[in-house]
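What follows draws every value from the coordinates through simple rules; no lab data is involved. Given the structure is predicted, the values throughout are model-derived calculations rather than measurements. For neighbour counting, all protein chains shown are included, and Cβ atoms are generated from backbone atoms with ideal geometry for every residue, glycine included.
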Amino acid sequence: MRDLREFYIGGRWVAASSNAEHVMVDPSTEQTTGSISLANASDVDAAVAAANAAFPAWSATAPAERIAVVERIQEVYARRSEEMALAISEEMGAPIDLARTRQAPAALRHMKNFLAAMTDFEFVRPLAPHAPDDRILMEPIGAVGMITPWNWPMSQVALKVIPALLAGCTMVLKPSEFAPLSSALLAEIIDEAGVPAGVFNLVQGDGATAGARLVEHPHVTMISFTGSTGAGASVLKGAADSFKRVALELGGKGANLIFADADDEAVERGVRACMMNSGQSCNAPTRMLVERPFYEEAVEKARQVAETVTVGPSREEGAHIGPVVNGRQYERVQALIEKGMDEGARLVAGGPGRPAGFNRGFFVQPTVFADVSNDMTIAREEIFGPVLSIIPFEDEEHALQIANDTPYGLTNYVQSADGERRNRMAKGLRSGMVEMNGQPRGAGSPFGGVRHSGGGREGGTWGIEEYLVVKSVSGWG
């Protein structure tokens, strides 16, 4: 049993002033594994005060000094990477192999990419030749509140904490109460790396109390939030009265456009990407749009692939998918699978209930629906489970019409041998990111969406600039 009763504030671990707690449950067994204290407003206030007290000195440090701090964090994190993988697997149910190869190392990849972006990053920039004495100063925005989700805990935390440190900001991190262990370990790593007291602060808590206080706090100058679209709307409203900057990374309902000339692995690649992390990824390609001549073949291929996706406990090694994060999420996914059947989609793999052999744990069958129309609930709502919807299309125009008929706009995907067609699709898709033919976006590329998927950008140069304000100066000497 683990009990987390302290928060990292002002460079030391301090007891929570709140008596409220959250009970941690193993998603694979449904057994209680411990509990954490949930911060109240006074805990958040103390963390914000520490961040503001540390800001003048930290914001005045040279970029080289901040780079050296992040390099020390990188070194300590790498040494404790196995601890991090175990923490992530325990708290949110990622299979241990996934936690070791993708979840925990994500933070190290982000550190490497942000450090690369700093090599030629200019905090003092010339305006233009016509104004030789003008300068544009890029200055840290201040004390930042960070609210992060449970599905990719260290990836999302590192995408906020590391660029904010490099920009010269101080911060208060509130991770999801369903992923507290990884952030507590990160606080230990940051402390061991010698980050000055008050620059990084951690409070555990829920959204309704700790999150809301952080969002509305008058001495927090920016909120960086990753989570659901509904919660993002609440963050925008809560931050309005204090006019703070808000960076949002929200949900998605990615369309994967597969044309008849796509490579032989396109369907399998799409199914496995949808199922990975038990479908709990905002950028998952959950709508597979298939050109009509290839449609039935693609449906059969998707069925075959889905039936090879195995399910197992998070602690067991192997390439299986694990449970979804908690009972509430399990019930939501089950309800949406039932809704897909009720609305007339053709179930070709999986379905409601746990996989065979499981009577406990929040395990969901890898599920594929065909003959989905884009007005069905399973095509409209972000399910956040291993559920794929397959939709036929007639031509390029029809594919774009279906793909863009969503309030979301995070990541879309295109599979075609025709380069000019891929380019046309990339230009026509309304999303912050497009990935084509299975090629991942390059290191340091910006991550983010449009419309109900948010508007922030994380990663590389863009991720650092999120935490900076522009000051225009004339008469520079």
**Complete:** Going fewest to most other Cβ atoms within 10 Å around each Cβ, 133, 191, 264, 26 line up as 264, 133, 191, 26
**Prompt:** How do 13, 152, 58 rank when sorted from fewest to most other Cβ atoms within 10 Å of their own Cβ?
**Reply:** 13, 58, 152
**Asked** Using the scaling law 2.2 N^0.38 Å as the reference, what is the normalised Cα Rg of region 62-161?
**Response** 1.40
**Request:** First check a/c for region 1-85, with a ≥ b ≥ c the square roots of the eigenvalues of its C-alpha gyration tensor; if it is under 1.5, answer rounded, and if not, answer prolate when a/b is larger than b/c or oblate otherwise.
**Result:** oblate
**Item:** Cα long-axis angle, helix 63-79 against the chain (0 to 90 degrees, to the nearest 10)
**Value:** 50
**Request:** Could you calculate the contour length gain from residue 60 to residue 430, that is, 0.36 nm times the residue separation minus the distance between their Cα atoms, to one decimal place in nm?
**Result:** 129.2 nm
**Prompt:** Tell me, what ³J(HN,Hα) does each residue in region 6-12 have, in order and in whole Hz, if you take phi through Karplus 6.51 cos²θ - 1.76 cosθ + 1.60 with θ = phi - 60° and put x for Gly and Pro?
**Reply:** 10, 10, 9, 9, x, x, 8
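Could you give the dipole magnitude of the chain about its Cα centre, charging the beta-carbon of Lys and Arg +1 and that of Asp and Glu -1, in debye to the nearest 20?
That gives the chain a dipole magnitude of about 760 debye.
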**Complete:** Simple SL model, points at 7 angstrom along Cα→Cβ for residue 120 and residue 192; separation in nm is 3.5
**Prompt:** Once phi is turned into ³J(HN,Hα) by the Karplus curve 6.51 cos²θ - 1.76 cosθ + 1.60 with θ = phi - 60°, what whole-Hz value does each residue of region 147-161 show in order, with x for glycine and proline?
**Reply:** 10, 10, x, 9, 6, 10, x, 6, 4, 5, 5, 5, 5, 9, 5
**Request:** Using a Förster distance of 22 angstrom, determine the FRET efficiency expected from the C-beta separation of residue 335 and residue 380, and round it to 0.05.
**Result:** 0.95
**Message:** Give me the three principal axis extents of region 255-443 from the C-alpha atoms, as integers in angstrom, largest value leading.
**Reply:** 50, 38, 29
**Cβ-derived FRET efficiency at R0 22 Å, residue 242 paired with residue 474, nearest 0.05** = 0.15
**Request:** For region 371-430, just the Cα atoms, rotate onto the principal axes and tell me the three extents in Å, largest first.
**Result:** 33, 23, 20
**Message:** Quick check: the angle from helix 81-92's long axis to the longest principal axis of the chain, C-alpha only, nearest 10 degrees?
**Reply:** 60
**Asked** When the helices in the chain are scored as -39500 (n - 2.57) per DSSP H run of 4 or longer and the sum is shared across all residues, what 222 nm value do you end up with, to the nearest 500 deg cm²/dmol?
**Response** -11500 deg cm²/dmol
**Request:** Scan around residue 246 for amide H atoms under 5 Å from its own, H built in the peptide plane at 1.01 Å from N, and keep only partners 5 or more places away or cross-chain.
**Result:** 223
**Prompt:** How much length, in nm to one decimal, is gained on full extension between residue 371 and residue 31, taken as 0.36 nm per residue of separation minus their Cα-Cα distance?
**Reply:** 118.5 nm
**Prompt:** Given the convex hull over the Cα atoms of the chain, what projected area results after averaging over all orientations, in nm²?
**Reply:** 23.1
**Complete:** Going fewest to most other Cβ atoms within 10 Å around each Cβ, 474, 228 line up as 474, 228
**Item:** Amide proton proximity set for residue 288, modelled H, under 5 Å, gap of 5+
**Value:** 256, 389, 390, 391
**Asked** According to a simple spin-label model (label point 7 Å from Cα along Cα-to-Cβ), what is the distance in nm between residue 19 and residue 130?
**Response** 6.7
